[in-house]
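Trainee: Below you'll find the structure I mean.
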Amino acid sequence: MPGRQKNEDNARQSRPLLRDFWNNSLQQKRVARERDTARFIQKFWDAGRSMKNDAQFLTFLVRCGWTNESHGRGRRSTVTWRNHHLAKYLRLTKPTAAKLADEVVRRFPSLKDDASKLLSMETGITHCYGAVRKITVDFVLKRPGTIASAFRLVPSRRQPEKKIAAVMKLVDLTIKNRAGHKINLLNGITPVLACLDPDERFPIINGKTRPFLKKLGQQLNRAGALELYRQIGKHKIRNSFALDVYAATQFDVNGAGGASNVSQRPEVEDELGNEICARQV
């Protein structure tokens, strides 16, 4: 069937040439922290058996997927910020670390052996700016049932592409804030969803992944999410967290990256202590 073969050849040639995941030491650290974030979120989700429809609890878990690194503050600021929101959820006012751990154990008995360690963990994946945070939190508070349904779907044993499509149907939403600015809910919600997937296959979609999506001929939507998922297992990308770091560190804002001529990859840290991979163009 010459016609079919020609179409397949054309499709193959039109696919972008992407470089493999560098997997250098700084990228490995970022992936490790994202996986720690997943362990933190899964621990609290599993422990909060009676809280899984509680809007405030869901909001706390969503925030756990974010970082608070800006204005000269490094990674530890996220720990302080995260624990502040946990204390607020537990209705504690400026508790000591020991008091917060005690209250976590009281409210989440299954975390008895893990509480202190969890509270000291460095977590966070995406630095969402203020408008995204507010829109995301407002949505969770107004529609906790939708978020709880998505949270339950992600760890289910459904076929991955069908699961992703079902979840995206719930959360692939463009929302307007009071100023009329449109923001896709995926920016703020996919970090926590990725963390709830025990198979580490649910993709994170936000500003960091936009250049990679552009390279794949996709946009920030359900089709884009499915195409990102299909990249796992290719280019030496083992899971959704490596995929996120790959998108964030090997593609620039102009959409270059995987196919560009990058031979040296100095490993440096920025002024905030965030690991970055400097590109030589």
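Laboratory data are not the source of any read-out in this text; all were calculated from the coordinates shown. Keep in mind it's a predicted model, so treat the numbers as computed, not measured. Backbone-built Cβ (ideal geometry, glycine too); neighbour counts: all protein chains shown.
Trainee: How about the stretch 163-253: which trypsin sites (Lys or Arg not before Pro) there are in a DSSP loop, with at most 11 other Cβ atoms within 10 Å of their Cβ?
Mentor: Details: sites: 163, 169, 176, 178, 182, 201, 208, 214, 215, 222, 230, 234, 236, 238; in loops: 178, 201, 236, 238.
Counting only loop positions with at most 11 other Cβ atoms within 10 Å, the trypsin sites (Lys or Arg not before Pro) in the stretch 163-253 are 178.
Trainee: Further question: Ranked by Cβ crowding within 10 angstrom, fewest neighbours first, how are 168, 121 ordered?
Mentor: Working: 168 23, 121 16.
Fewest-to-most ranking of 168, 121: 121, 168.
Trainee: Something else about it: Please give the contour-minus-distance gain from residue 56 to residue 99: 0.36 nm per residue of separation, less the Cα-Cα distance, rounded to one decimal in nm. It would help to have the intermediate numbers written out before the result.
Mentor: Details: separation 43, 0.36 × 43 = 15.48 nm, distance 2.05 nm.
13.4 nm is the gain from fully extending residue 56 to residue 99.
Trainee: So, one more: So if each residue of separation counts as 0.36 nm, and I subtract the Cα-Cα distance between residue 112 and residue 156, what length gain in nm does that give? Provide the component values of the computation, followed by the final result.
Mentor: Values: separation 44, 0.36 × 44 = 15.84 nm, distance 2.60 nm.
Taking residue 112 through residue 156 to full extension adds about 13.2 nm, to one decimal.
Trainee: Taking θ as phi - 60°, what are the ³J(HN,Hα) couplings along the stretch 219-225 by the Karplus curve (6.51, -1.76, 1.60), each to the nearest whole Hz, with x for Gly and Pro?
Mentor: Karplus-based 3J(HN,Hα) across the stretch 219-225 equals 10, 7, 7, 4, 4, x, 4 Hz.
Trainee: How large is ³J(HN,Hα) for each residue in the stretch 91-97, as worked out from phi by the Karplus curve 6.51 cos²θ - 1.76 cosθ + 1.60 (θ = phi - 60°), to whole Hz, x for Gly and Pro?
Mentor: 6, 10, 10, 6, x, 6, 4
Trainee: If you take every DSSP beta bridge fully contained in the stretch 21-277, what fraction is antiparallel? Give it as a percent rounded to 5.
Mentor: Just about 75 percent of them are antiparallel.
Trainee: In whole Å, how far is the Cα centre of the stretch 207-231 from that of the stretch 17-81?
Mentor: If you average the Cα positions of each part, the centres end up 21 Å apart.
Trainee: Here's another thing I want to ask about it. Tell me, what are the semi-axes, in whole angstrom and largest first, of the equivalent ellipsoid of the stretch 21-277 as set by the roots of 5 times the Cα gyration tensor eigenvalues?
Mentor: Details: eigenvalues 163, 95, 62 Å².
Rounded to whole Å, the semi-axes are 29, 22, 18.
Trainee: Starting from the Cα gyration tensor of the stretch 126-218, take the square roots of the eigenvalues, sort them a ≥ b ≥ c, and report rounded, prolate or oblate (rounded when a/c is under 1.5, otherwise prolate if a/b is larger than b/c, else oblate).
Mentor: Numbers: a/c = 1.94, a/b = 1.23, b/c = 1.58.
Oblate, since a/c reaches 1.5 and b/c is not below a/b.
Trainee: How do 161, 200 line up, fewest other C-beta atoms within 10 Å first? Write down the numbers at each step before the final one.
Mentor: Values: 161 13, 200 17.
Ordered from fewest to most neighbouring Cβ atoms within 10 Å, 161, 200 come out as 161, 200.
Trainee: Which whole-angstrom value gives the distance between the alpha carbon centres of the stretch 127-145 and the stretch 154-171?
Mentor: The stretch 127-145 and the stretch 154-171 have Cα centres separated by 21 Å.
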